[in-house]
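To start, the structure itself, in structure tokens.
The values are calculated or read from the model by the stated rules, or taken from the named source; none is laboratory data. The structure presented is a predicted model; accordingly, all values stated were derived computationally and were not measured. No Cβ is skipped: glycine too gets one built from the backbone with ideal geometry, and neighbour counts run over all protein chains shown. These accessible areas exclude ligands, DNA and RNA; they are computed on the full protein's heavy atoms, side chains included. Shrake-Rupley method; radii C 1.70, N 1.55, O 1.52, S 1.80 Å.
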Amino acid sequence: QVQLVESGGGLVQAGGSLRLSCAASGTGFSIRVMGWYRQAPGNQRELVAVITSSGTTNYADSVKGRFTISRVNARNTVYLQMNSLKPEDTAVYYCNALVLVTNYWGQGTQVTVSS
């Protein structure tokens with residue numbers, strides 16, 4: 001069973017930075033895609049950023065130029081560097097991993113940006 005453990009959320013003022021980390025364990029297969037999604041109260045879960053095992057990335061328009069996703073394949077770990085944070089970035093952030101044809105999710109980590 002694949003498990004994803006996230007860390008790095010918290011409370012930050014607008015304009016500040018946070019770095020999220022997510023480590024995957026329990027799989028002997030290559031993780032094709034890893035990424036971050038977020039869900040604010042009353043909203044649907046939305047894509048923030050994803051990265052393939054070869055390093056191809058995709059970002060939501062709302063975070064382009066402010067967030068950077070990266071991964072270390074040997075450690076099955078993905079990171080999300082979040083700069084210039086805005087109050088509208090406030091949400092629970094979920095790590096995601098695509099292993100073969102199955103999506104796995106972390107438990108979520110809260111990010112709160114105060115104005």
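Summary of values
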| quantity | calculated |
| --- | --- |
| Residues of region 65-102 satisfying the condition of being open to solvent by 50 Å² or more (accessible area, probe 1.4 Å) and modelled with pLDDT under 95 | Asn73, Ala74, Arg75, Leu100, Val101, Thr102 |
| Scan of region 8-21 for residues that are surrounded by fewer than 20 Cβ atoms within 10 Å (Cβ to Cβ), farther than 10 Å from Cys95 by Cα and out of contact with any Lys or Arg (no Cβ under 7 Å at 6 or more places or on another chain), ordered by number | Gly9, Gly10, Leu11, Val12, Gln13, Gly15, Gly16, Ser17, Arg19 |
| Output for region 22-52, where each listed residue is at pLDDT 95 or above, of a type outside the set (A, V, I, L, M, F, W, C), touching a strand residue (DSSP E or B) at 6+ places or on another chain (Cβ under 9 Å) and open to solvent by 30 Å² or more (accessible area, probe 1.4 Å) | Tyr37, Gln39, Asn43, Arg45, Glu46, Thr52 |
| Conditions (1) in a loop (DSSP other than H, G, I, E, B); (2) β-branched (Val, Ile, Thr); (3) more than 24 Å from Gln1 (Cα to Cα): number failed by Val113 | (1) |
| Index of the failed condition, Arg45 passing every other in (1) closer than 25 Å to Ala14 by Cβ; (2) touching a Gly at 6+ places or on another chain (Cβ under 9 Å) | (2) |
| Some residue of region 40-61 being over 20 Å from Thr102 (Cβ atoms) and in contact with a helix residue (DSSP H, G or I) (Cβ under 7 Å, 6 or more places away or on another chain) | yes |
